Amino acid sequence: MEARELAVAGALEITPPSFPDPRGLFSPVYQEADWAAVTGGEPFRPVRCALSVNHAGVVRGVHYSRSAPATAKAVLCAAGEALDLVVDVRRGSPTFGRWDAVPLSADRPRAVYCPPGAGHAFVARAEGTVLLYLLSTPYRPAEDGAVSAFDPALGLPVPPLPGAVVSAADRDAPPLAEALGRGLLPVYRPGARPPGAAAPVPGPPMGPPTGPSTRPNGRSAT
């Protein structure tokens, strides 16, 4: 199992081993000991699993949990193709307001790990895109929060409104600065960095850098 640190503190792109054969392929996407190793010895223990089935052009997020302990999640693509986004909405985080993007598809098994309190969003790029969520806490709807994926200060690579297919709740979600001012955001709680992993790439307090790249760590999102 391989892990690459993303531009949001504690977030990872995790690539499990894959075993192709004439039938297709098999990939052991989650084993607790392996995930503990790549997340710095802090166990990620899912207690809930969910599926999200989406039409092409759907945007979901940016969703987060406010409670302590906040929810950590791992997101994988079981069918279709999506651009997965992790957004740092945690007050006091060294990467607050930054984001990173990972293209996910069913033919290349890998996961995006969102640490507790980090925001998550995605864009479905194909009809019938299915995302699988592994979540570390029980469902607590009163603790759910959202900021707008269309916040221009964030500059996320999402299709603009009104073209995007989005829920009413996500359409009406506040921008990040408003949510911060209203005290709606979770608090950053530092965790151990994976052994040998580089520190998050420094950058401006909000959004991606200027220039041709669409990702804040300088790598293309497509």
Confirm whether G80 is within 21 Å of P157 (Cα to Cα), of a type outside the set (D, E), touching a Ser or Thr at 6+ places or on another chain (Cβ under 6 Å) and touching a residue at least 40 places away in the same chain (Cβ under 8 Å).
-> yes
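Residue-by-condition table, conditions (1) in a strand (DSSP E or B); (2) at pLDDT 95 or above; (3) aromatic (F, W, Y):
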position	(1), (2), (3)
L25	yes, no, no
E42	no, no, no
P46	no, no, no
V59	yes, yes, no
V62	yes, yes, no
L76	yes, yes, no
D84	yes, yes, no
T95	no, yes, no
Which condition number does V112 fail, the rest of (1) at pLDDT 95 or above; (2) in a loop (DSSP other than H, G, I, E, B); (3) under 25 Å from D34 (Cα atoms) being met?
-> (2)
Selection over segment 37-72 where residues are under 23 Å from A149 (Cα atoms), among the aliphatic types (A, V, I, L, M) and more than 18 Å from the chain's Cα centre (by Cα) yields a count of 1
Identify all residues within segment 145-163 that are surrounded by fewer than 21 Cβ atoms within 10 Å (Cβ to Cβ) and closer than 12 Å to E178 by Cα; write none if there are none.
-> A153
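The values are calculated or read from the model by the stated rules, or taken from the named source; none is laboratory data. Predicted model only: the values in this text are computed from it and were never measured. Note: ideal-geometry Cβ built from the backbone for every residue, glycine included; neighbour counts use all protein chains shown.
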